[in-house]
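Participant: Questions regarding the structure given below will be posed in turn.
The values are calculated or read from the model by the stated rules, or taken from the named source; none is laboratory data. Everything numeric in this text was worked out from a predicted model, so none of it was measured. Please note: Cβ atoms are built from the backbone with ideal geometry, for glycine as well, and neighbour counts cover all protein chains shown.
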Amino acid sequence: MERVILQRKSIYTGSLILVNRTYSFAGEDAEDLEPVKSGTSDIFMWHRAAILLSRLMGKINGWQKIIPVSGWRSLKEQQKIWEDSLAESGREFTEKYVACPGHSEHQTGLAIDLGLKQENIDFICPDFPYKGICQTFRQKAMEYGFIERYPSGKEKITGIGHEPWHFRYVGVPHAMIMTQESLTLEEYISFIKDFPYGRRTYAFNQNGVRAFISYLKAGEEKTTVLEVDSRFPYMISGNNVDGFILTQYGISKND
């Protein structure tokens, strides 16, 4: 077994952090950014997310008809988008489709807005229909760690209107669980708390992916200690709320 010591500030980092109107992005500025598409230098994601997005697009030949619209944003850029939207579209529209500065997933480097390639593309609400290549992307996304972050019917939970174009990297198998169980990230964070570290695990074994998932509440001290089975790969992500999610992996066909 391997002893892992987690700093309290690590709650605010990782691919499973929840960023919404309630929980602001408390992490540091995104690092290890990469262009989401070869040949473009203005749209970035966290490097792991960019790699998986590239693999997915390669699998479905997606870049022929799909265009990246918006990826990582600085706080300053998010502030400008918010203010411009308020001025041009009003408060009701802005609060429905634009996260307020400091509370945007785009600041994490884990989110991407995609649009169907066409002459005119709406930066705030790009067209990404539930058919054709866009739907093919949507159906394959979970296998590469992506979820449609703001689904229809979940607006009261996410605090954001239905956004068919906005995808969030959370990793495998979490994206598969959320998609198959129709869970938003908000709901998933709560769901995983039913599997406390050291007492109970959520076992996942599907499509060549085997993993055991549990939740560990952060202690009152500056550090939290846990032990993991070092014979297998693992990932620990903060949830940006109150603790950590431990994922102990077997084998993933995409990794």
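Participant: For the stretch 198-255, which positions are of a type in the set (S, T, Y) and in contact with a helix residue (DSSP H, G or I) (Cβ under 8 Å, 6 or more places away or on another chain)?
Facilitator: Those that are of a type in the set (S, T, Y) and in contact with a helix residue (DSSP H, G or I) (Cβ under 8 Å, 6 or more places away or on another chain): Y202, S214, Y215, T223, T224, T247.
Participant: Could you list all residues from the stretch 215-231 that are at pLDDT 90 or above and either more than 16 Å from Q7 (Cβ to Cβ) or among the aliphatic types (A, V, I, L, M) (or both)?
Facilitator: Matches in the stretch 215-231: Y215, L216, A218, V225, L226, E227, V228.
Participant: Now for a different question. Can you tell me which residue within the stretch 1-21, out of those that are assigned to a strand (DSSP E or B) and hydrophobic (A, V, I, L, M, F, W, C), is surrounded by the most Cβ atoms within 10 Å (Cβ to Cβ)?
Facilitator: Filtering first and then ranking leaves L6.
Participant: Here's another thing I want to ask about it. Would you check which residues across the stretch 206-227 are free of Cβ contacts under 8 Å to residues at least 40 places away in the same chain and either of a type in the set (S, T, N, Q) or part of a helix (DSSP H, G or I) (or both) and list them?
Facilitator: Q206, S214
Participant: Report yes if G161 is touching a Leu at 6+ places or on another chain (Cβ under 9 Å) and either closer than 25 Å to L6 by Cβ or in contact (Cβ under 8 Å) with a residue 60 or more places away in the chain (or both), otherwise no.
Facilitator: no
Participant: Would you point out which residue out of S74, S89, S104, S24 is crowded, with 18+ Cβ neighbours inside 10 Å, of a type in the set (G, A, S) and touching a residue at least 12 places away in the same chain (Cβ under 8 Å)?
Facilitator: Only one candidate passes the filter, namely S104.
Condition check ((1) closer than 15 Å to I160 by Cβ; (2) without any contact (Cβ under 8 Å) to a residue 24 or more places away in the chain; (3) out of contact with any strand residue (DSSP E or B) (no Cβ under 8 Å at 6 or more places or on another chain); (4) outside any helix (DSSP H, G or I)) across all residues:
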| site | (1), (2), (3), (4) |
| --- | --- |
| E28 | no, yes, yes, yes |
| S41 | no, yes, no, yes |
| L52 | no, no, no, no |
| P68 | no, no, no, yes |
| W82 | yes, yes, yes, no |
| F93 | yes, yes, yes, no |
| K96 | yes, no, yes, no |
